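The values are calculated or read from the model by the stated rules, or taken from the named source; none is laboratory data. Only a predicted model underlies this, so the values are computations on that prediction, with no experimental measurement involved. Surface accessibility is based on the protein's heavy atoms, side chains included, excluding ligands, DNA and RNA. Shrake-Rupley method; radii C 1.70, N 1.55, O 1.52, S 1.80 Å.
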Amino acid sequence: MTASLFFAMVAAFLAGIGARDQLIVARLSGHFGGSPMVLATGLACAALSAAAMAWAGWRVEMLISDSAETMLVAFALAAAAFELFWPIRVAPAREPTRSLPALAIVLLSRQIGDGARFCIFAIAAATSSPQMTALGGALGGGAALAMGWALGHALERRLPLRGIRIALGCVTLLLALLIGLTARGIV
């Protein structure tokens, strides 16, 4: 159980570096001077999306055989790698809104299909521990958003986000290939 919390926390944090949701929070934080409500909304969305993906991974795992479960994990990690490789182009808002419900909708829509949540899905399916996976995913995703919130506009200037995401995508893809080949009995 503790392993699923740890793996989900690390995976969600690393996959959240430079992600669309982190960039949105960083830009809004820079624009509004680090509003704590932006961070609170981001943390709530990270917890909700992590819980949804952990539950989905657990439910799917309950329906399939062990060998199919291993292939599902490989496919989920490959989807995460694909999302990490995809270039991120978040256009700066012309007139940033102070509407927290609108921010929540945008963040949740970005998070549900991002690499961090695919990793959470895969970990929940592999470990059959949705509660600990959701908690770890919420903590890791929240930490990535908090980092973006704290750095504000400096996030994009200080970190080589594209390089980090490509490196993480390579590691995730290699892990997906290894798990997939293991499931097929090749390795």
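For segment 1-109, with all protein chains present and a 1.4 Å probe, just round the carbon and sulfur fraction of the accessible area to a whole percent. Working shown, then result.
On the way: 4040 of 5640 Å².
Summing carbon and sulfur atoms, their accessible area is 72 percent of the total for segment 1-109.
For segment 117-176, just say rounded, prolate or oblate: build the C-alpha gyration tensor, square-root its eigenvalues into a ≥ b ≥ c, call rounded for a/c under 1.5, and beyond that prolate if a/b exceeds b/c, oblate if not.
Values: a/c = 5.02, a/b = 1.45, b/c = 3.45.
Judged from the Cα gyration tensor, segment 117-176 comes out oblate (a/c at least 1.5, b/c at or above a/b).
Keeping all protein chains in position, work out how much accessible area residue 67 exposes to a 1.4 Å probe, and write it in Å² to the nearest 10.
Ignoring ligands and nucleic acids, residue 67 comes out at about 70 Å².
For segment 14-58, report the accessible area per residue in Å² (1.4 Å probe, heavy atoms, rounded to an integer). List each step's numbers first, then the result.
On the way: 1540 Å² over 45 residues.
Accessible area per residue: 34 Å².
At 27 Å minimum axial length over the Cα atoms and a Kyte-Doolittle cut of 1.6, report the qualifying DSSP H helices in the chain, or say none.
Details: long enough: 36-63 (41 Å, 1.22); 66-85 (29 Å, 1.32); 130-151 (31 Å, 0.94); 161-183 (32 Å, 1.93).
Span-like helices in the chain: 161-183.
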